[in-house]
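Structure first, then comments.
The values are calculated or read from the model by the stated rules, or taken from the named source; none is laboratory data. Keep in mind the model is a prediction, meaning the values are calculated, not measured. So basically every Cβ, Gly included, is an ideal-geometry build from the backbone, and we count neighbours across all protein chains shown.
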Amino acid sequence: MNSIRFERGFTHDVVKNHYPLHSHQAVEIVWHVGGRGVDILSNGDEAPFGVNAVVIHGHARPHGQTNTISGMDRCIQLLVEGDLNNKIGEYQIISNISGLAVQEEMKYLSANQQVPEGLMDIYHARAQAVLLTLLHAVRHADKRSEKTLIDKIHDAEMYIRRHFQDVISNKDIATHLGLSEDYFRHQFKIIHGLSPMDFVQQCRLEHAKQLLEHTSLKQQAIAEQCGFQNIRYFNTRFSHYLGISPGSYRKQFR
């Protein structure tokens, strides 16, 4: 019989640095909310990660990471008993969890706070829902085969969410999908209601919001990490998007 119990959650900023192998007497879910780098896994493999990647590290499995871009990690540690440990194995990776409803639950569980008295059973239930949802996403990804146009446009969305920090063009994305540039741009706008490059801009600004809310990074660093060429352009686009400057937006969360 499977048992999933919440142990603890925490959030921390990660800087451009190498974090050596370490382990916990628990299963650990690591959500790379921001930043970019390489996860170092228990078997010695290295797995590149970008924004919104999640790694589930098996019980007591050593792991580390090297960040090439600073960001933030949200971590949840669970005590798992039963055959779920076999399904997790050494590790499981989800390259991007954008669009999964589980994000709000992960924010809740990874808050740096003591569990209020009498609420531990609720935390256990929410932790179980998070882990099972993530494992379902892993299985679903493994079963994907031939791709329809909708699948390819969804892949484009995921590609943009992973690479929005870089300077990318419609041609880059279309080539990645194996579609012509004009056809891709037209179909993406039909499905999403905005152009691919407008979607890139939206992803950059939404990530900037997260960094302003949850980190102490300077605005110049945030602008660079989100793919803006200079802080003046970042300030202009952010103010146009939200009707408030980045500095004023951050003050609301301090």
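Quick look at the numbers
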quantity	calculated
Condition met for VAL30 (under 30 Å from LEU205 (Cα atoms) and either out of contact with any Phe, Trp or Tyr (no Cβ under 8 Å at 6 or more places or on another chain) or not small (Gly, Ala, Ser) (or both))	yes
Residue that is nearest to CYS203 (Cα to Cα) [pool: residues in the range 60-79 that are touching a Ser or Thr at 6+ places or on another chain (Cβ under 7 Å) and among the aliphatic types (A, V, I, L, M)]	MET72
Residue in the range 64-86 that is of a type in the set (D, E, K, R), in contact with an Asp or Glu (Cβ under 8 Å, 6 or more places away or on another chain) and part of a loop (DSSP other than H, G, I, E, B) present	no
Residue match in the range 114-134 (condition: of a type in the set (S, T, N, Q), at pLDDT 90 or above, surrounded by 20 or more Cβ atoms within 10 Å (Cβ to Cβ) and in the same structural domain as TYR19 (by TED's automatic domain parsing))	no
Wholly within the range 1-53, strands (runs of 3 or more DSSP E) carrying at least 1 residues that are surrounded by 17 or more Cβ atoms within 10 Å (Cβ to Cβ) and not basic (Lys, Arg)	3-14, 27-32, 36-40, 46-49
Top-ranked residue of the range 209-254 - restricted to ones that are among the β-branched types (Val, Ile, Thr) and either closer than 18 Å to THR68 by Cα or in contact with a strand residue (DSSP E or B) (Cβ under 8 Å, 6 or more places away or on another chain) (or both), ranked as modelled with the lowest pLDDT	THR215
All positions within the range 54-71 that are aliphatic (A, V, I, L, M) and buried (at least 20 other Cβ atoms within 10 Å of the Cβ)	VAL54, VAL55, ILE56
Members of the range 87-121 that are within 13 Å of the chain's Cα centre (by Cα) and not in a loop (DSSP other than H, G, I, E, B)	ILE93, ILE94, VAL102, GLN103, GLU104, MET106, LYS107
Some residue of the range 85-97 being of a type in the set (D, E, K, R), more than 24 Å from GLU157 (Cβ to Cβ) and touching a helix residue (DSSP H, G or I) at 6+ places or on another chain (Cβ under 7 Å)	yes
Any hit, the range 139-149, residues being closer than 30 Å to PRO20 by Cβ, assigned to a helix (DSSP H, G or I), at pLDDT below 95 and of a type outside the set (Phe, Trp, Tyr)	yes
Whichever residue in the range 81-104 is over 20 Å from HIS32 (Cβ atoms) and in contact (Cβ under 8 Å) with a residue 60 or more places away in the chain and, among such residues, is surrounded by the most Cβ atoms within 10 Å (Cβ to Cβ)	LEU84
Scan of the range 227-248 for residues that are over 20 Å from GLY35 (Cβ atoms) and in a helix (DSSP H, G or I), ordered by number	ARG232, TYR233, ASN235, THR236, ARG237, SER239, HIS240, TYR241, LEU242, GLY247, SER248
Whichever residue in the range 109-131 is touching a residue at least 60 places away in the same chain (Cβ under 8 Å) and in contact with a helix residue (DSSP H, G or I) (Cβ under 9 Å, 6 or more places away or on another chain) and, among such residues, is nearest to GLY58 (Cα to Cα)	LEU131
